1. More than 11 Å from every other protein chain (Cβ to nearest Cβ) and either within 19 Å of B:Ile70 (Cα to Cα) or at pLDDT 95 or above (or both) - does that describe any residue in the range B:99-107?
2. Looking at A:Leu124, A:Leu171, A:Leu102, which is the one that is among the hydrophobic types (A, V, I, L, M, F, W, C) and under 30 Å from B:Gly103 (Cβ atoms)?
3. Restricting attention to the range A:178-196, which residues are in contact with a helix residue (DSSP H, G or I) (Cβ under 7 Å, 6 or more places away or on another chain) and not charged (D, E, K, R)?
4. Taking the conditions exactly as written (hydroxyl-bearing (Ser, Thr, Tyr), surrounded by fewer than 24 Cβ atoms within 10 Å (Cβ to Cβ), in contact with a helix residue (DSSP H, G or I) (Cβ under 7 Å, 6 or more places away or on another chain) and under 28 Å from A:Leu64 (Cβ atoms)), does B:Ser135 satisfy them or not?
5. Does the range B:127-138 include one or more residues that are on the phi < 0 side of the Ramachandran plot and touching a strand residue (DSSP E or B) at 6+ places or on another chain (Cβ under 6 Å)?
6. Can A:Ala172 be described as facing chain B (nearest Cβ under 7 Å) and free of Cβ contacts under 8 Å to residues at least 12 places away in the same chain?
7. Given B:Thr111, B:Thr92, B:Thr182, which one is under 19 Å from B:Val40 (Cβ atoms), of a type in the set (S, T, N, Q), surrounded by 15 or more Cβ atoms within 10 Å (Cβ to Cβ) and under 16 Å from the mean Cα position of the chain (by Cα)?
8. Among the helices (runs of 4 or more DSSP H) lying completely within the range A:106-196, list those that include at least 3 residues that are more than 24 Å from A:Cys32 (Cβ to Cβ).
2 protein chains.
Amino acid sequence: MPHRAAPRVYLAGPDVFLPDAEAWAARKQAICAGYGLTGVSPLDALEGEPADWAALPEWRRIGLRNEAHIRGAAALIANLTPFRGPSADAGTVFEVGFMRALGRPVFGYATVARPFTERTLDWLGIRPAPDMAESVRDDDRMLVEAFGLFDNLMIEVGIVASGGELVVEALAAAERWTDLSTFERCVARAAAVLLK
Amino acid sequence: MPHRAAPRVYLAGPDVFLPDAEAWAARKQAICAGYGLTGVSPLDALEGEPADWAALPEWRRIGLRNEAHIRGAAALIANLTPFRGPSADAGTVFEVGFMRALGRPVFGYATVARPFTERTLDWLGIRPAPDMAESVRDDDRMLVEAFGLFDNLMIEVGIVASGGELVVEALAAAERWTDLSTFERCVARAAAVLLK
């Protein structure tokens, strides 16, 4: 078989906020390599980074670097485990939308399985009626989205329409951010799509 | 002066969850018109919508329609007022990232002025030390982002790098979703950029 370069896959997620984030990124990259993919971490240096970025504040450098990493990737795998609220980490969601606009496959995974509507009602302290209609509203009278999805519909549409997949699995709370088995299942699905 | 079509601006935000969302969208569109812009609401019908979308479930139709509306717009104005957690609404953040990838200006506004780090610490129930270092972590040992920004850095980088602007202003809680004066200030800034 002719040699083919391993497709680059951007690894989006709040994992960058973990202690020893570099070590976690390296573990994820090793898993990707085992499936024939090159995992690109937000913590990776950017080859050919413009020299004038050195003068920018750190947050701008990080953001522009992540955008460039996504543009240089064939696909994206997002850790969509709910983060400080009913939805996924905002930075990760931004990156999911960014890659979706580029038209390349977006994969997502989460280690919490409860549906979005239930998580939102929990967060709001609203106990749903057994036959919850679509008309539940919060104290600001804002509607609670009730499509039976895993997170806001834009995220799930982005994944499905891009040709990606969503892998959701309930792990024990203590393992939610550190057990990489759900991530690995998602990498396997991405490899099946990208290497077919 | 030669006639020039009003640039289309996509109006992203959880305003779609308000009661009478169509009426709120119409108010926002009237404000846009006053500044020479055409506001495009997520609730607007999509001209030329593919016939086969009729067979899709509602959530997929909504998502694909929003993506098409964004692709057809010259800029995006996002309501980034924190929504059910320290960050903006996930669907809105997805759309901000989507438009940023298209390379067109992204504007944002919010009616809550407290910085992201303070909102996150509040949410976590952590009282910051007066000289809070960057090393505050939550119960999962995940770092609290502390760049002095308004929300996750990806959102703010996306706005700044796109040539857009962020307009933030503290309104009374009861007016947070219904007072459109902050939105109007943001529209004025967008018009200054788009019509210059």
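The values are calculated or read from the model by the stated rules, or taken from the named source; none is laboratory data. All of these numbers come straight from a predicted model, not from anything done at the bench. We place every Cβ from the backbone using ideal geometry, glycine too, and count neighbours over all the protein chains shown.
1. yes
2. It is A:Leu102.
3. Looking only at the range A:178-196, we keep the residues that are in contact with a helix residue (DSSP H, G or I) (Cβ under 7 Å, 6 or more places away or on another chain), and these are A:180, A:183-184, A:187.
Once the filter is applied, which keeps residues that are in contact with a helix residue (DSSP H, G or I) (Cβ under 7 Å, 6 or more places away or on another chain) and not charged (D, E, K, R), the range A:178-196 yields A:Leu180, A:Phe183, A:Val187.
4. Here the answer is no, as B:Ser135 does not meet what is asked.
5. Yes, some residue in the range B:127-138 is on the phi < 0 side of the Ramachandran plot and touching a strand residue (DSSP E or B) at 6+ places or on another chain (Cβ under 6 Å).
6. For A:Ala172, the condition - facing chain B (nearest Cβ under 7 Å) and free of Cβ contacts under 8 Å to residues at least 12 places away in the same chain - is not met.
7. B:Thr92
8. Per the criteria, A:116-124, A:153-162.
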